[in-house]
Every structure is written in structure tokens, then in C-alpha cells.
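The structure appears right after this line, and notes come after that.
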Amino acid sequence: MFKKLLVANRGTIAIRIIRACRELGIPTIAIYSTADKDALHVRMADEAVCIGPAAAEDSYLNIPSIISTVLTYGADAVHPGYGFLSENGDFAEACLKSGVNFVGPRARHIRLMGDKPRARRIMTRAGVPVLPGSAGNGVTELRNAQEDAKRLGYPVLIKAAAGGGGKGMRVVRDAQELARLFPLARAESEAAFGSRTMYLEKYLERARHVEFQILADNQRNVIHLGERDCSIQRRHQKVLEEAPCPVMTKRLRDKMGKAAVRAAEVVGYSNVGTVEFLLADDGQFYFIEMNTRIQVEHGVTEMVTSIDLVKESIRVAGGAALGMKQRQVEIEGAAIECRVYAEDPDTHLPSPGVVSNHHAPGGLGVRVETALYDGYRVPVQYDPLIAKLIAHADDRGQVIARAKAALREYLIDGIRTNIPLHLKILDDPDFRKGDFATDFLKRYENVAEPPAATAAAR
Ligand code: ADP
């Protein structure tokens with residue numbers, strides 16, 4: 001096992017990784033920006049190194065600075081968490097070149113899945129269903145997008161080839177909208193990812209977002225740990241996730257799970273990953289992308305499978321074989337995760353500031369992952385995700401009741417949060433019936449500006 005692991009992240013995921021390392025007996029190094037000098041991950045790690053100023057490009061995204069810290073402080077492994085450099089092939093390669101283990105897949109798999117038109121082509125060849133869309137490498141010019149849209153039929157979704165975090169995405173319902181929105185989406189992609197390459201996909205109305213957790217070792221063993229339903233989204237970003245998916249059947253899980261495992265196998269994938277699908281009303285499912293990292297919502301899978309995904313990812317990165325076989329994976333009970341954001345519940349505008357009082361809920365089946373403490377100042381520079389409240393119970397009805405009780409108990413004074421929105425969701429009759437799709441949150445939508453661009457992917 002590793003001698004020392006550097007956590008290349010901040011916030012809730014940095015703490016999650018430090019906890020896993022403690023259980024494994026691996027000392028940790030935290031890195032932090034000047035804006036995070038009082039952050040909890042800095043206090044919790046065995047060593048902490050300031051690597052730059054507040055701007056993420058100068059600190060949490062600064063590859064040379066992180067690599068030199070790794071070498072100076074003698075770490076032999078790096079965990080990237082989610083967001084920041086977690087899906088940056090150059091970072092994974094830089095770690096490898098410095099003789100350090102990257103806890104994640106190989107650089108070429110990160111790059112391959114980060115190129116979405118290419119990932120679609122590979123999946124099509126492997127027999128994994130994908131939605132009709134742009135052929136080849138995608139499109140950069142409006143006239144090519146127009147040709148594709150004509151062939152596909154409206155509505156279509158414009159997506160960024162290098163996309164992530166919902167950026168560069170626009171639903172278009174006719175040719176006029178395409179002419180207006182294509183240049184905007186392309187400009188957004190250029191700003192966020194430095195790429196003008198877009199692609200079009202047939203837009204599926206009333207679909208659910210159902211994703212499968214993959215776990216793979218370096219000996220080509222691949223298993224899936226069941227699914228998560230992440231349909232409760234705002235502007236294509238997840239807000240609340242659950243496992244299992246309320247409409248899942250054993251047969252469909254087997255079928256989708258096999259497709260997800262195949263998706264990982266065809267490329268020779270290793271470590272944790274998530275294969276995302278859209279599930280239509282008629283039971284058809286379609287690959288949309290693969291995330292080559294631990295996801296924000298991994299906790300719901302951990303609760304229903306009793307498998308510690310972060311520990312497993314560290315173990316397999318160290319060369320260990322998977323600790324279990326597919327037939328040993330069992331889904332027990334139901335789990336829900338509520339992403340708590342520092343934002344105004346009505347306008348969704350960020351609400352940074354000092355947390356004057358923090359009381360996290362507890363009790364049987366309640367898990368809170370947070371970096372908050374009394375007196376902590378939530379910085380403006382980073383993702384507004386401040387806590388993840390995860391509940392687990394014997395069935396879906398009970399877990400909804402448990403999550404509601406826990407949310408009511410959660411005290412975060414001094415800043416505003418989206419806890420009221422979570423309570424509305426959990427009380428919604430359609431949500432309670434399990435009858436929802438990715439458009440569900442539109443019913444609670446106010447017309448407001450989206451929150452400021454954030455560094456961490458969700
Ligand atoms: P990103 O990587 O930017 O998060 P994804 O491809 O994962 O983008 O899509 C994010 C969300 O957008 C999905 O969860 C789903 O709600 C919606 N979406 C993506 N593709 C389609 C599609 N073809 N039809 C309908 N909704 C889609």
C-alpha cells in the first residue's frame with residue numbers, strides 16, 4: 001500500500017479521501033489555496049501545503065505546483081477527487097511521469113471519455129446503445145449543425161465535445177433556435193474548455209438519468225455496483241440522487257449493468273468510473289457519457305452496497321485485485337443524497353459568508369459529508385456545494401421520511417442554503433410515487449440567473 005497520499009482537492013471530497021486513508025493507515029498531505037487556509041481538510045490531513053493564491057488556475061488546477069509538492073513531500077500517490085484536475089489526462093500523465101500513482105484510470109481513458117463524440121463511436125461499435133447524433137468528430141460550423149439537425153429531427157440537444165457540468169448545452173426545438181443558440185453554446189464551450197467542437201444529439205423528452213457505478217482493477221476485472229437515479233436536476237446539474245432507481249427491475253438492471261461493464265471492458269478501463277444513461281419511458285436506454293472519476297453521489301451506492309468506493313479506488317490503484325465478484329454485490333434498502341448548496345433557495349444565487357452556527361443531523365442511517373464548522377467562512381471562489389446529506393433505510397418510503405427529518409434538523413446559520421428546496425422535493429407527490437424525469441425541477445423553477453461558473457464538476 002502507499003506510503004503517503006496527496007489529496008489534490010478541497011472541501012467535502014478532500015475530507016472523504018482523508019478519512020479513507022486514515023482507515024487504510026496511509027498518511028495524507030492536503031494542498032490548499034490562500035483562500036482555504038482555515039479549511040477543515042487542511043486541519044485534518046497529516047501535513048498541509050499552501051500551493052497558491054485563491055484563483056483555482058493558480059492553485060487547485062496548477063499541475064506544476066502540485067507535482068512539485070508531491071515530490072518535495074515524498075508522496076507516492078495522488079487522489080484527484082472530483083472536479084478540478086480529476087478528468088485531466090495531462091495531470092494523470094504528469095503523475096505517472098513523476099513516478100507517482102494516480103488514483104484513477106489511465107490518462108488515455110480519461111482523454112478518450114473526455115472526447116464525447118469519440119466515446120459515442122466506441123460505444124456504438126461495442127453494441128452499447130447511443131442516441132442518434134452527429135457523426136464523426138462533431139461539428140464546429142452552424143451549417144453542419146443545421147444539416148445534422150435536419151437529419152435527426154427536432155428537438156435536438158447541442159452539446160460540447162469536451163463538455164462537463166452542463167456547460168455548452170442547449171435544447172433547440174426549431175431551425176431558428178438552432179441558428180440563435182448554436183453560436184452561444186459554442187462560445188460557452190470555448191470559454192470553459194477551450195474547444196469549439198460541438199455535437200448534436202436527439203433530445204429525449206421525459207427521460208430519467210440512470211447511471212451505473214463501475215469498479216475495475218488493473219487485472220481487467222470489471223463489476224458494476226448497481227445504479228443511481230439522478231433525474232432531479234437543475235439546468236442539467238444534479239441536485240438529489242437516489243439508489244436504487246425507483247422504476248428499476250432486476251431484468252433491466254442486469255441488462256443496463258452488462259452494457260455498463262461492456263463499456264468499461266472494451267477500453268480496458270481501470271479504477272472507479274460511472275457510465276451514464278438516459279432511460280426512456282419505453283424501457284429503452286442510451287449511453288450519454290462516462291465519468292472517469294469518483295462522483296459526488298458515490299455515497300448512495302456505498303450505503304446500499306456497503307462497499308467503500310474511495311478505499312476500493314485506492315486499493316486497486318495500488319495494484320490490488322477487486323475485493324468482490326459481481327454475484328457478491330447486493331443492493332440493500334434505499335438511499336437518498338441531498339446536495340446542500342450555499343445558495344439562495346429562491347433565486348439560486350450563491351450565498352457565501354460566515355457560518356455562525358453549524359449543527360449536522362445524526363441518528364441511524366444518516367450520514368453528513370461536510371467541511372463546515374462554526375465560524376467557517378464559505379469562500380466565494382469555489383463550488384457552492386457545502387454538504388451532502390445521505391440517508392439510508394430499508395425502503396424508499398422510509399428513506400424519504402428519514403431524509404426529511406434529517407433536513408429539518410440541519411442547522412446552518414449565517415448563510416442561505418437550498419434545504420427548503422430539498423424539503424419541497426421530498427414532499428412532492430410525483431417524487432414520492434417515483435414518477436419523475438429530468439424535467440422534474442422545472443415546476444419549482446424561478447426565473448433567475450444561473451449561479452456563477454464554478455470550478456468543480458458535479
Ligand atoms: P455534462 O457532462 O455536461 O453533465 P451530460 O451528457 O452528462 O452532460 O448530460 C447532463 C444532463 O443533460 C443529463 O443528465 C440529462 O438530464 C440531460 N441530457 C443529456 N443528453 C440528453 C439528451 N440527448 N436528451 C435529453 N436530455 C439529455
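The values are calculated or read from the model by the stated rules, or taken from the named source; none is laboratory data. All of these numbers come straight from a predicted model, not from anything done at the bench. All Cβ positions, even for glycine, are placed from backbone atoms using ideal geometry, and neighbour counts span all protein chains on display. We work out accessible area using only protein heavy atoms, side chains counted, and drop any ligands, DNA or RNA first. Shrake-Rupley method; radii C 1.70, N 1.55, O 1.52, S 1.80 Å.
Annotations
- Residue check for residue 137: polar (S, T, N, Q), surrounded by fewer than 20 Cβ atoms within 10 Å (Cβ to Cβ) and either at pLDDT below 95 or assigned by TED's automatic domain parsing to the domain that holds residue 317 (or both): yes
- Number of positions in segment 351-367 that are surrounded by fewer than 18 Cβ atoms within 10 Å (Cβ to Cβ) and part of a strand (DSSP E or B): 4
- Breaking point among (1) within 12 Å of the ligand (Cβ to nearest atom); (2) crowded, with 17+ Cβ neighbours inside 10 Å; (3) modelled with pLDDT of 95 or more, for residue 100: (1)
- Unmet criterion (only one of (1) of a type in the set (A, V, I, L, M); (2) open to solvent by 10 Å² or more (accessible area, probe 1.4 Å); (3) farther than 30 Å from residue 336 by Cα) for residue 185: (2)
- Assessment of segment 387-398 against the conditions (crowded, with 19+ Cβ neighbours inside 10 Å, part of a loop (DSSP other than H, G, I, E, B) and either among the hydrophobic types (A, V, I, L, M, F, W, C) or more than 16 Å from the ligand (Cβ to nearest atom) (or both)) yields no matching residue.
- Residue within segment 290-305 that is surrounded by 21 or more Cβ atoms within 10 Å (Cβ to Cβ), farther than 25 Å from residue 391 by Cα and in the same structural domain as residue 249 (by TED's automatic domain parsing) present: yes
- Hey, residue 121 open to solvent by 40 Å² or more (accessible area, probe 1.4 Å), away from the ligand (no atom under 15 Å from the Cβ) and closer than 20 Å to residue 287 by Cα or not: yes
- If only residues of segment 20-50 that are touching a residue at least 40 places away in the same chain (Cβ under 8 Å) and in a helix (DSSP H, G or I) are counted, the one that is nearest to residue 78 (Cα to Cα) is 21.
- Any hit, segment 309-318, residues being in contact with a strand residue (DSSP E or B) (Cβ under 8 Å, 6 or more places away or on another chain) and either open to solvent by 30 Å² or more (accessible area, probe 1.4 Å) or free of Cβ contacts under 8 Å to residues at least 60 places away in the same chain (or both): yes
- Residue check for residue 202: open to solvent by 30 Å² or more (accessible area, probe 1.4 Å) and within 16 Å of the ligand (Cβ to nearest atom): yes
- Any hit, segment 147-169, residues being away from the ligand (no atom under 11 Å from the Cβ) and on the phi > 0 side of the Ramachandran plot: yes
- Residue match in segment 253-270 (condition: of a type outside the set (D, E, K, R), touching a helix residue (DSSP H, G or I) at 6+ places or on another chain (Cβ under 8 Å), within 16 Å of the ligand (Cβ to nearest atom) and touching a residue at least 24 places away in the same chain (Cβ under 8 Å)): yes
- Entry remark, segment 210-235: residues being open to solvent by 10 Å² or more (accessible area, probe 1.4 Å) and within 28 Å of residue 349 (Cα to Cα) number 3 in total.
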